[in-house]
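Peer 1: Before anything else, here's the structure in question.
We did not get these values from a lab; they are worked out from the coordinates using the rules stated. Please read these numbers as outputs of a predicted model, since none were measured by experiment. Positions of Cβ are backbone-derived with ideal geometry, glycine not excepted, and every protein chain shown enters the neighbour counts.
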Amino acid sequence: MTRTPVTVQLSAFGFEALLAMARSNVHHVPVMDGERVAGMVTATDLLERRASSAVYLVSDVYNRSSSTELTKVSARLPLVLRNLVESNATARSAGHVISAVAGGHYLSPAATGRAKTRPATG
């Protein structure tokens, strides 16, 4: 057991935990709630979370060039929805994210034959 392990606070962002792991050449760190150990996070945990992020899913959808590739990426939608719910997103917000991705607003020009545009924000 390491006497003084690298730790992250419960309020830390995932990238901060990954940075701490990289700097210390470790693959897991204790998560602290003040002076109390609240849990453990691993690099695998954080990388799996990335795969189910709405932001990364939109990027992955936009960069696909065929319906076969889009079908594979869309299989991640249920996991994205679960993560949105676990993050206390409102039903309205979660619905907007899923509708935007599933509705094709972010499809690549190669997949749709359209000019390269993104939906207006605001």
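Peer 1: Return the loop-located chymotrypsin sites (Phe, Trp or Tyr not before Pro) in region 13-59 (DSSP other than H, G, I, E, B) with at most 14 other Cβ atoms within 10 Å of their own Cβ; answer none if there are none.
Peer 2: Passing both the DSSP loop test and the Cβ count: 13.
Peer 1: Counting other C-beta atoms within 10 Å, and keeping those with at most 11, which DSSP coil GluC sites (Glu not before Pro) do you find in region 5-110?
Peer 2: Answer in residue order: 35.
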